[in-house]
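Worksheet: one structure, shown below.
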Amino acid sequence: MEKTMKTQKLPSRESETREKKSRRKPWAPPSSLDAPPAPAGFVHRWIRAESVGQMDQKNVSARLREGWEFVRGDEYPDTEWPQIDSGKYNGVIAVGGLMLARIPKETVAERKKYFAQVTQDKDDAIANDPLKDQHPSMPISKERSTRVSFGGKRNT
């Protein structure tokens, strides 16, 4: 009596594993100001181009002089973005009176530094203004303090 053993090919463990399911994202209202990612070295920002139905050419011109350049929809062929379909800004990505613009990160850093210095100069001018009117017999002290309290007794 001869026994024959058949080897049965078992399915691999890898084929038995379940697919990893990602959790469903909870619903949230869509953002009307979604924008394509900025290229490396650039920053995107929405620029006001229209206010109460009137073109805001002054703001647009000021932003262009600062170094902003408008982002065109054809720069992102894989996705569809709302665009202006006629006129001077034909093809520029725009939503509700705002146009998408980009600027180099270096320019943003320089601009931020400039306005920080302007703010500091104004703060120094305000701090020093009363000092010029002081009389030697009654000097003005430059004491500033800030305190935040949330009720209750104050610990001294």
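The values are calculated or read from the model by the stated rules, or taken from the named source; none is laboratory data. Everything quoted here is computed from the prediction, not taken from an experiment. No Cβ is skipped: glycine too gets one built from the backbone with ideal geometry, and neighbour counts run over all protein chains shown.
Taking segment 73-130, which residues are charged (D, E, K, R) and outside any helix (DSSP H, G or I)?
Of everything in segment 73-130, those that are charged (D, E, K, R) and outside any helix (DSSP H, G or I) turn out to be Asp78, Glu80, Asp85, Lys88, Arg102.
When both residues are 6+ apart or on different chains and their Cβ atoms are under 9 Å apart, which pairs have a first residue that lies in segment 77-104 and is polar (S, T, N, Q), and a second that is buried (at least 17 other Cβ atoms within 10 Å of the Cβ) and part of a strand (DSSP E or B)?
Within 9 Å, the pairs are Gln83/Val92; Gln83/Ile93; Gln83/Ala94; Asn90/Gln83.
Residues of segment 73-107 being over 13 Å from Ala35 (Cβ atoms), at pLDDT 95 or above and either surrounded by 17 or more Cβ atoms within 10 Å (Cβ to Cβ) or touching a strand residue (DSSP E or B) at 6+ places or on another chain (Cβ under 8 Å) (or both), which ones?
Ile103, Pro104, Lys105
Among the residues in segment 53-71, are any of a type in the set (Asp, Glu), assigned to a helix (DSSP H, G or I) and either under 30 Å from Glu143 (Cβ atoms) or modelled with pLDDT of 95 or more (or both)?
Keep residues of segment 53-71 that are of a type in the set (Asp, Glu), which gives 56, 66, 69.
Checking the rest, the ones that are also assigned to a helix (DSSP H, G or I) come to 66.
Within this subset, residues satisfying the condition of being either under 30 Å from Glu143 (Cβ atoms) or modelled with pLDDT of 95 or more (or both) are none.
Among the residues of segment 53-71, not one is of a type in the set (Asp, Glu), assigned to a helix (DSSP H, G or I) and either under 30 Å from Glu143 (Cβ atoms) or modelled with pLDDT of 95 or more (or both), which makes the answer no.
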